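The values are calculated or read from the model by the stated rules, or taken from the named source; none is laboratory data. Just so it is clear, the model here is predicted, and its values are computed rather than measured. All Cβ positions, glycine included, derive from the backbone under ideal geometry; neighbour counts span all protein chains shown.
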Amino acid sequence: MRASRALFLAALLLGALPCQGQFADFGKNKVQYFPFTWQKMATPHFDLYFYPEEEELAGYAAAMAEEKFTDLEGKFGHRVQRRVPLILYSSHIYFEQTNIIPSLLPEGVAGFTEFLKGRVALPLSNSLPEFERVLHHELVHVFMFDRISQVLHRQGIAEHRAAPLWFSEGLAEYWSGEMDPFGDMILRDALFSGQLASIAQMYQILGTYQMYKRRSSAGCWRTGGWTRISTRSTS
């Protein structure tokens, strides 16, 4: 009897647990082996945090962030009233040590936007143009989160309801730059091999590279033909 009860309780506990993927980082700690002496730079809409070695990068990022902010104000028809914290890292190795979020960051993560406090963090990875593109991508998320939050507040809805991942990432990709050759290759291969997912099939590629490369409004068909798809892979 006791054994049966124990098995029943164990089954209940296992049934209540999230999927195993959420425990992939369990027991692992971030190694923070480099002490950062953070400095702050204020612009009209941003608070930039950087360490002394990044002063030149911070100046470039400040100019780019303000430029993209103005661009997105027009596209969204929306103004973000709060100041946006922007945290910069000079390399992905340093970026992986961030304690802004607890989860471990694999090499494929080019940047992220935190929902609760709206902080944006990204490293200088391949080049300044790529850095600018990732920054633009993350600022789309800033505007999207802020607009959704304000709409829900006006409707008296306390619970956060995020846009579908394929839509939020697709829009961020669509407004962050032109198609890159590798992304074009991935999508053309999926198209010609019959593996290009439709909107109704997006759940099948949720979180995959193809999903990130499927621009929300540029991956379209015109009289059965291929038009233009563009993206970039970030968080």
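Things worth noting here:
- Failed criterion for residue 36 (all others in (1) of a type outside the set (A, V, I, L, M); (2) closer than 24 Å to residue 134 by Cβ; (3) modelled with pLDDT under 85; (4) under 23 Å from the mean Cα position of the chain (by Cα) hold): (4)
- Restricting the first member to segment 71-87 and to residues that are farther than 17 Å from residue 172 by Cβ, and the second to residues that are among the basic types (Lys, Arg), the beta-carbon pairs closer than 8 Å and six or more apart or on different chains are 85/117; 85/119; 87/119.
- Annotation: of all residues in segment 48-91 being among the basic types (Lys, Arg) and touching a helix residue (DSSP H, G or I) at 6+ places or on another chain (Cβ under 7 Å), the one that is farthest from residue 132 (Cα to Cα) is 79.
- Where a residue in segment 92-115 is over 23 Å from residue 209 (Cβ atoms) and its partner, wherever it lies, is of a type in the set (Ser, Thr, Tyr) and assigned to a loop (DSSP other than H, G, I, E, B), with Cβ under 9 Å and at least six apart: 94/51; 97/33
- Among the numbered conditions (1) out of contact with any Pro (no Cβ under 7 Å at 6 or more places or on another chain); (2) farther than 23 Å from residue 207 by Cβ; (3) of a type in the set (Phe, Trp, Tyr), the only one that residue 143 does not meet is (2).
- Tally of residues being modelled with pLDDT of 80 or more and outside any helix (DSSP H, G or I) across segment 158-182: 2
- When segment 53-102 is limited to residues that are out of contact with any Lys or Arg (no Cβ under 7 Å at 6 or more places or on another chain), of a type in the set (A, V, I, L, M, F, W, C) and in a loop (DSSP other than H, G, I, E, B), the one that is surrounded by the fewest Cβ atoms within 10 Å (Cβ to Cβ) turns out to be 101.
- Just one of the listed residues (200, 172) is outside the structural domain of residue 88 (by TED's automatic domain parsing) and surrounded by 12 or more Cβ atoms within 10 Å (Cβ to Cβ), namely 172.
- Number of positions in segment 111-151 that are among the aromatic types (Phe, Trp, Tyr) and in a strand (DSSP E or B): 1
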